[in-house]
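The values are calculated or read from the model by the stated rules, or taken from the named source; none is laboratory data. If you're wondering where the values come from, they're calculated on a predicted model, not measured in any experiment. All Cβ positions, even for glycine, are placed from backbone atoms using ideal geometry, and neighbour counts span all protein chains on display. Just the protein is used for accessible areas: all its heavy atoms, side chains included, with ligands, DNA and RNA removed. Shrake-Rupley method; radii C 1.70, N 1.55, O 1.52, S 1.80 Å.
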Amino acid sequence: MIGLIMAGGAGTRFWPLSKKDIAKQYLKIFGEKSLIQLTYERLRLMLEPSDIYVVTTIDQRSQIHDNLPELKRENIIIEPCAMNTAACINYSANYLKTRYRLEETLLIVPADHLIDNLEEFVFKIEEGKKFAQNGYHVIFGIMPTYPATGYGYIQAGQPVSPVAFHVEHFKEKPNIETAKSFLENGSFFWNCGIFFWSLQTILKSFERYYKEGYDILKQISDLEYKPENYYKIKALYKKLPRIPVDIAVMEKTDKRVVLPMKLNWNDVGSYKSMHEVMDKDLNGNYAQQKYIAINSKDNLLLSKKLVCCIDIDNIVVVETDDVILILPKESSEKVKEVVEEVKNRNLKSLL
């Protein structure tokens, strides 16, 4: 079994905390350890360090070394540029097949999620491994606890074992009414982006369903993974179809199963979701340092200074050395728009 951590994301939704020199997965905002360190520790419950790999971009390589010092250089896969998960996984699998038998199983996990109930997590991964060894495309679903509109959903069909179901459909992020119907139905699970299959299974599926990308990546493999070929590889890599593996493969194959997991899980994809997992006061306020809140509730206050709130609710305040960001919590998804505006104004030092 191989574990692959996908860690190339820039995390622009956490700007200005997350910038080019420290992406979201390297932030220590939930304790003494970064999100990628917590992810690595989960994999260490099942794997030796030699079988854990990280795929990232070249500008994050030093952060990987800093966060995961026991990871060897050959266990860090450098993706030429971010081209979504189908390209990332196909590229990584091509590298891994030079080091492992094609029958070896490959577990894919995002670098920046929070998960507890590790006993359940490990148990379901081990159960999923049995299906991966038998040619299945395995995906894990989170049992929903509320009608979330920020996640994609997986609809489970007929059971294929006491813990696994055939995947009936993948559903995009729903509106609130649809999300409520999913929750009431009971057969829909949050798509957490954790996949499991053998190298042989996923490479054959890429060849069949992601043909254009597979052929380009075959050309890249023929160049060999050498420093002098980096720019040739990058030029080819930019030609790849930029689509997620869910669309490239999972929605097209029939041999697919979902294993629901009962976890406290959060993809920490916005300041709103960050607030959800923080230890808050009785009024729902969380502050990084000292604060005064008068008639104020459900605020997220990330500053090393004293923050004083009067008659405000559901506000996010983020202060760094060079930026102050203030927004309603419900507008957390719009932080990306601010980042784009900073780019347009050529304020590169703030990114």
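Observations, loosely collected:
- Total residues in the range 198-216, condition within 23 Å of the chain's Cα centre (by Cα) and over 16 Å from I247 (Cβ atoms): 4
- Considering the range 65-79, and only residues there that are in a helix (DSSP H, G or I), open to solvent by 10 Å² or more (accessible area, probe 1.4 Å) and not charged (D, E, K, R), the residue that is farthest from I22 (Cα to Cα) turns out to be H65.
- Considering the range 147-173, the residues that are touching a helix residue (DSSP H, G or I) at 6+ places or on another chain (Cβ under 7 Å) and among the hydroxyl-bearing types (S, T, Y) include one that is farthest from L106 (Cα to Cα), namely T149.
- Qualifying position, being at pLDDT 95 or above and either part of a strand (DSSP E or B) or open to solvent by 20 Å² or more (accessible area, probe 1.4 Å) (or both), among L43, L38: L38
- Residues in the range 294-308 that are surrounded by 15 or more Cβ atoms within 10 Å (Cβ to Cβ) and either at pLDDT below 95 or under 27 Å from V342 (Cα atoms) (or both): N299, L300, L301, L302, S303, V307.
- Residue selection: K20 fails the criterion of being within 21 Å of F206 (Cα to Cα), surrounded by fewer than 18 Cβ atoms within 10 Å (Cβ to Cβ) and in contact (Cβ under 8 Å) with a residue 60 or more places away in the chain.
- All positions within the range 137-165 that are open to solvent by 60 Å² or more (accessible area, probe 1.4 Å) and either under 29 Å from L203 (Cβ atoms) or free of Cβ contacts under 8 Å to residues at least 60 places away in the same chain (or both): T145, Y146, T149, Q158, P159, V160, P162
- Just so you know, in the range 237-265 the residues that are open to solvent by 10 Å² or more (accessible area, probe 1.4 Å) and assigned to a strand (DSSP E or B) include one that is farthest from R208 (Cα to Cα), and it is W265.
- Qualifying residue in the range 327-350 (condition: open to solvent by 90 Å² or more (accessible area, probe 1.4 Å) and among the aliphatic types (A, V, I, L, M)): no
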